[in-house]
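The values are calculated or read from the model by the stated rules, or taken from the named source; none is laboratory data. On a predicted model such as this, the values are computed, not experimentally measured, just so you know. Here the Cβ positions follow ideal geometry from the backbone for every residue, glycine too, while neighbour counts run over all protein chains shown.
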Amino acid sequence: MEQFLFSNNLCTNRLGIELTVMSPSAINGNGPDKSGQQPALEEELPNLSLEDVEPATLAIHADDVLNSIEDVAPPIHVSTTFRYPKDPDLLKPFHEEHDGRYEQHIYSRHTTHSSTRLEAILASLLRAPCLTYSSGLSALHALLTFLNPKAIAIGDGYHGSHGVLDLHKRLTGCKILPLDCKPEDLGEGDLICLETPVNPTGNAFSIQHYADVAHSRAAYLSVDSTFAPPPLQDPFRWGADVVMHSGTKYIGGHSDMLCGILAVKRKEWLPRMLEDRLYLGSVMGGLEGWLGVRSIRTLELRVKRQSETAMQIVDALESALSGHTVGTGLSQGDVEAVRAVVVEVKHASLQASDMSWLRKQMPNGYGPVFSIVTKTSDLARRLPSKLQLFHHATSLGGVESLIEWRTMTDSTVEKTLMRVSIGIEDSRDLLNDLLQGFRAVAEEIKK
């Protein structure tokens, strides 16, 4: 499954979605052959078939169709502009191209080698056409610009998203409604913005429920699935019209790039969205696109491990609070350390009453982010300084574990809330670090 709307070459991926792709020579910077014609895709790759492979394989091979050079690792392209053909007969003014299709990169505000590769892989993993943006918030801004809804329903979640909505309201006068507003408050073309699992707690919401509400009013459902990237959750399966990711987090996975992603169910939206992005200017740079391709190769490996580790730690902490510690390996001293500091743990895996739908929505894990509520704000303020394996920093999704006294960057949360983003370290090492941190901060408070 490859990049869209850029040439007359067609392919059908394993999901049966017919898409247009740029020719490999255009992607990799090679020009036409001596006859002035681009090499035919089917001639270059006569035996390539991705019909039966799994997502982990797609992450490595979904962009194989774009290869026409010998490099196994995709080269880094940082140019912002690209030469036109030398042959005058091959020059086609951009505005005369049909449906925005063209045979080569022109300017990096439109497409680049790296972002095209990244979008090809993302489209296979997210099971829908994708566009990338300079950040998660720029992706949300692009969606609002494209749909221009008169009313937007949204719940608690990432404060940055609410900031973007406030800007959009200032410009358009749209209504901002609560997530569980009355269905009749929504009309045709309006939007429900659902974030699940939600930032910063990691709690989950039923996508199917909100899809039914939106579609009963001819409105759209957008799902921010940043906290549950593939393979944890497929929002399209449960009725989403648009899926958004802050690719800065798990898609990037190394805390070194900014990225936003929109995947859309309706591929006919892509030409207009691509044109919007051209003028919004919210595109990834060439290096960031390359970093995204590098990172997405290991997405499944990272996310499954991170989610499994988070669940093990959440289970241990919750068991200490509930007293059901058999099989957890916790000592009585460990239990006392947890109880001295923590009053509540929040994570989708703890939503026992919701498991009838949640097991189906998140069959491969409940996400690598959870939150801890401490007894006092002073405990929350001091805890990060006692930890050795958790960086005290904002953001999430990287290979390193992070903890944040969330009030540092989000004024809407209680000052006792800690957000924890689990990395790929050993689970027992991370749990032991938290336990020793609880002991140390509890002892410090006593003095």
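Assorted remarks:
- Close pairs (9 angstrom Cβ cut-off, 6 or more residues apart or separate chains): on the phi > 0 side of the Ramachandran plot and in the same structural domain as Cys130 (by TED's automatic domain parsing) in the stretch 252-279, modelled with pLDDT under 95 and among the hydroxyl-bearing types (Ser, Thr, Tyr) anywhere: none
- If you go through the stretch 332-371 and keep only what is among the hydrophobic types (A, V, I, L, M, F, W, C) and not in a helix (DSSP H, G or I), you end up with Val342, Val343, Val345, Met362, Val369, Phe370.
- Single residue of Thr172, Thr145 found to be polar (S, T, N, Q), out of contact with any Phe, Trp or Tyr (no Cβ under 8 Å at 6 or more places or on another chain) and more than 18 Å from Ser246 (Cα to Cα): Thr172
- Qualifying residue in the stretch 216-225 (condition: in contact with a Leu (Cβ under 8 Å, 6 or more places away or on another chain), under 27 Å from Asp185 (Cβ atoms) and among the charged types (D, E, K, R)): yes
- Hits in the stretch 386-406 (condition: in contact with a helix residue (DSSP H, G or I) (Cβ under 8 Å, 6 or more places away or on another chain) and part of a helix (DSSP H, G or I)): Lys386
- Wholly enclosed strands (runs of 3 or more DSSP E) of the stretch 91-185 bearing at least 1 residues under 30 Å from Ala56 (Cβ atoms) and under 22 Å from the mean Cα position of the chain (by Cα): 130-133
- Selection from the stretch 372-398 of residues that are among the small types (Gly, Ala, Ser) and farther than 21 Å from Asp429 by Cβ: Ser377, Ala380, Ser395
- Flag for Ser124 being closer than 30 Å to Leu167 by Cβ, among the small types (Gly, Ala, Ser), crowded, with 20+ Cβ neighbours inside 10 Å and in contact (Cβ under 8 Å) with a residue 24 or more places away in the chain: no
- Lone qualifier among Gly329, Gly367, Gly333 - being surrounded by fewer than 16 Cβ atoms within 10 Å (Cβ to Cβ) and either at pLDDT below 95 or within 19 Å of Phe390 (Cβ to Cβ) (or both): Gly329
- Some residue of the stretch 292-306 being hydroxyl-bearing (Ser, Thr, Tyr), within 30 Å of Thr416 (Cα to Cα), outside the structural domain of His209 (by TED's automatic domain parsing) and in a helix (DSSP H, G or I): no
- Failed item in (1) closer than 23 Å to Gly155 by Cα; (2) over 22 Å from the mean Cα position of the chain (by Cα), with Thr409 passing the rest: (2)
- Sole residue being over 21 Å from Leu270 (Cβ atoms), outside the structural domain of Arg277 (by TED's automatic domain parsing), crowded, with 24+ Cβ neighbours inside 10 Å and of a type in the set (A, V, I, L, M), chosen from Leu186, Leu165: Leu186
- Residue among Ser319, Ser331 that is closer than 22 Å to Ala440 by Cα and more than 32 Å from the chain's Cα centre (by Cα): Ser331
- Checking each residue in the stretch 82-104 for being closer than 25 Å to Trp269 by Cβ and either among the acidic types (Asp, Glu) or at pLDDT 90 or above (or both) picks out Glu96, Glu97, Asp99, Glu103.
- Restricting attention to the stretch 186-199, the residues that are in contact with a Leu (Cβ under 8 Å, 6 or more places away or on another chain) and either part of a loop (DSSP other than H, G, I, E, B) or acidic (Asp, Glu) (or both) add up to 2.
- The stretch 209-236 residues that are over 19 Å from Ser349 (Cα atoms), paired with ones that are of a type in the set (S, T, N, Q) and crowded, with 21+ Cβ neighbours inside 10 Å (beta carbon under 8 Å, 6 or more apart): Val223/Thr196
- Test: residue in the stretch 163-172 that is in contact with an Asp or Glu (Cβ under 8 Å, 6 or more places away or on another chain) and not aliphatic (A, V, I, L, M): no
- Leading residue by the ranking (surrounded by the fewest Cβ atoms within 10 Å (Cβ to Cβ)) among those in the stretch 51-68 that are assigned to a loop (DSSP other than H, G, I, E, B) and among the aliphatic types (A, V, I, L, M): Val53
- Yes/no for Gly285 being surrounded by fewer than 22 Cβ atoms within 10 Å (Cβ to Cβ) and outside the structural domain of Gly365 (by TED's automatic domain parsing): yes
- Subset tally (residues that are of a type in the set (Ser, Thr, Tyr) and under 15 Å from Tyr158 (Cβ atoms)) for the stretch 200-246: 5
- Single unsatisfied condition, Ser282 versus (1) assigned to a loop (DSSP other than H, G, I, E, B); (2) over 18 Å from Ser138 (Cα atoms); (3) of a type in the set (S, T, N, Q): (2)
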